[in-house]
Amino acid sequence: MPLYLNNVSIGGYFGRDPELTSTKNGTPKLKFSVAVNTPGRDKASWIDCLAWAEPATQIARMCRRGTPIIVVGTLSTSTWTDQNGMNHKTTEIVVDKFNLVADKPTEVKPGVASIRRPTPPITAE
């Protein structure tokens, strides 16, 4: 029996401030990169991600460069030919769910108000 599984989870830091765009029919689209550190390596791996519709607008509204984020989705590979006839291939995560995480645990002190960034709802599958 063949096994077909395409599920990816990454955690890292938002690469740059988001630039939300829309398709011709008005569907929100957000392309972004997440820097993922690997223990024992000096350089981060930059993972390209693509979010559509409500997740795209939520991520664009809540994230800025350096925001810690967990992304869950599927891998998608695209190929295209540029104006010079060169073939290109891109692999990215198409976002199904995401969650923002605190970079450091919030310290709670008795009698002192604390403000926490709200965690966005995880989108429906």
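Every number here is computed from the coordinates shown, using simple stated rules; none is lab data. Fair warning: this is a prediction, and the values are worked out from it, not measured in the lab. Every residue, glycine as well, gets a Cβ built from its backbone with ideal geometry; the counts of neighbours run over all protein chains shown.
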- Assertion target for Leu75, Leu100, Leu20, ordered by fewest C-beta neighbours within 10 angstrom first, is Leu75, Leu20, Leu100
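Using the count of nearby Cβ atoms within 10 Å as a rough guide to exposure, how do Glu92, Glu54, Glu19 rank from fewest to most?
Working: Glu92 19, Glu54 12, Glu19 9.
Taking fewest neighbouring Cβ atoms as first place, the list is Glu19, Glu54, Glu92.
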